Amino acid sequence: MRHESSASSLVGGIGSPLPVTRSLLVLAVMCIASFAGCDTPHNFSHVQFVSTPTAHVVSDPGANLSDLKTFSLCPMQKETAGGAEVSLMKRQVLYLLGAWLEGRGLSPVIAPARPDVVVVASASNEFKSWYVPPSSVTVPQYIPGEIIRSYGTFYGTSNYGQTLMGNSTATTYLPGYWTASTWTLPGYVEGCYFPAISIQLCDPAENFNAIWTGSSVGATRDPRFGIAVPWVVASLGPNLPKNARRLAELYSGPGYINLIYLILSRDGSSFVPVVWDTAHGSSARKAGLRRWDIIAEIDGKSTVNRTARELLKLDEGALGSTAVLTIVRLNKVFKASVVREQIPSDWKQALIVS
């Protein structure tokens with residue numbers, strides 16, 4: 001899937017979410033909870049999950065998943081009339097799965113090449129509603145004390161037969177006290193969307209038997225599947241097969257832009273790399289790059305809907321060479337020059353071994 005877009009088209013709009021393409025895949029997954037409740041202004045709206053995605057994974061104990069080198073992507077559901085929305089959801093899931101698998105050392109292949117594993121996926125985004133019956137809530141309530149003053153007029157006759165008249169005042173203090181108040185909440189209809197995915201890794205050498213299966217589902221009030229699905233896929237990502245040897249080969253180049261970025265979306269269809277962290281003392285940090293900055297272009301080439309391998313090729317280069325990044329930050333577009341450097345040893349260790 002390829003959709004070329006200029007940096008200006010990325011300004012505005014809303015959305016969110018996740019695979020990592022460069023360093024520290026593990027760190028990227030840790031950001032799910034923090035991003036969902038973040039209050040800092042940035043390029044992305046919050047992901048309003050009522051229930052964060054929950055993943056379930058089963059793998060064949062007899063399969064050597066760490067030796068997998070290549071994969072092919074295949075949708076599981078059949079195309080049906082009027083199934084444009086389902087087709088779009090499948091493409092979003094497959095794109096994100098491909099990014100995760102490439103980020104874990106596997107390479108995509110297409111026919112007639114025979115992959116080590118075929119990835120099949122299905123997706124859904126059902127809306128379910130339920131009735132919440134009326135309920136009563138009893139809460140303590142303090143009634144404050146008060147002072148009551150009463151006024152009167154009296155009349156009388158003196159011993160000398162004179163008529164007398166006067167005013168009187170009486171003051172009474174009523175102390176405060178605690179009581180209970182009961183409130184009745186009316187019944188209402190509640191509902192959520194449940195973005196869900198199901199994934200199978202099938203071995204073509206074994207009659208396409210599944211050697212790894214995973215599923216995940218979340219609950220959100222946002223109907224946009226493309227906004228929620230990166231978080232759903234991300235809950236499965238760290239459990240996908242990983243080829244550490246191939247990762248070491250991939251990151252053996254001379255120079256890289258030393259930053260961690262996530263693949264997120266603001267509209268559910270255009271996925272872009274977004275800065276998550278920069279290495280201490282790196283050129284990227286000195287250039288002022290911040291978390292949530294969108295990297296729209298690298299050396300004039302669009303990053304929209306790029307595969308992980310394509311982004312890596314844009315990322316790496318000669319040691320000491322300068323990469324010009326087009327950055328989108330809160331509806332502002334600017335250029336940042338970053339020098340390609342060696343990957344810090346702790347980052348590389350975490351990427352390959354974790």
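The values are calculated or read from the model by the stated rules, or taken from the named source; none is laboratory data. As the structure is a computational prediction, the values presented were derived from the model and not from experiment. For neighbour counting, all protein chains shown are included, and Cβ atoms are generated from backbone atoms with ideal geometry for every residue, glycine included.
Points worth noting:
- Test: I199 is within 30 Å of L73 (Cα to Cα) and of a type outside the set (D, E, K, R): yes
- Close pairs from segment 319-336: first surrounded by 12 or more Cβ atoms within 10 Å (Cβ to Cβ), partner of a type in the set (K, R) and part of a strand (DSSP E or B), Cβ under 9 Å, at least 6 apart: V324/K335; L325/K335; T326/K335; I327/K335
- Residue list for segment 174-228, restricted to those being within 15 Å of V120 (Cβ to Cβ), of a type in the set (D, E) and not in a strand (DSSP E or B): E206
- All positions within segment 266-290 that are of a type in the set (S, T, N, Q), more than 19 Å from G317 (Cα to Cα) and out of contact with any Ser or Thr (no Cβ under 7 Å at 6 or more places or on another chain): S269
- Out of S235, S283, sole residue that is out of contact with any Pro (no Cβ under 9 Å at 6 or more places or on another chain) and polar (S, T, N, Q): S283
- Within segment 54-67, the residues that satisfy the criterion of being over 28 Å from the mean Cα position of the chain (by Cα) and either over 14 Å from T213 (Cα atoms) or among the small types (G, A, S) (or both) are G62, A63, N64, D67.
For (1) farther than 21 Å from V117 by Cβ; (2) in a helix (DSSP H, G or I); (3) in contact with a strand residue (DSSP E or B) (Cβ under 8 Å, 6 or more places away or on another chain), each residue gets a yes or a no:
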position: L247; (1), (2), (3): no, yes, no
position: S252; (1), (2), (3): yes, no, no
position: I263; (1), (2), (3): yes, no, yes
position: D267; (1), (2), (3): yes, no, no
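- For segment 271-292, the condition of being surrounded by fewer than 22 Cβ atoms within 10 Å (Cβ to Cβ), in a loop (DSSP other than H, G, I, E, B), touching a helix residue (DSSP H, G or I) at 6+ places or on another chain (Cβ under 8 Å) and of a type outside the set (A, V, I, L, M, F, W, C) holds for none of the residues.
- Within segment 105-136, if we keep just the residues that are loosely packed, with under 10 Cβ neighbours inside 10 Å and modelled with pLDDT of 90 or more, the residue that is farthest from L250 (Cα to Cα) turns out to be S136.
- Test result for R306, at pLDDT below 95, assigned to a loop (DSSP other than H, G, I, E, B) and under 24 Å from S107 (Cβ atoms): yes
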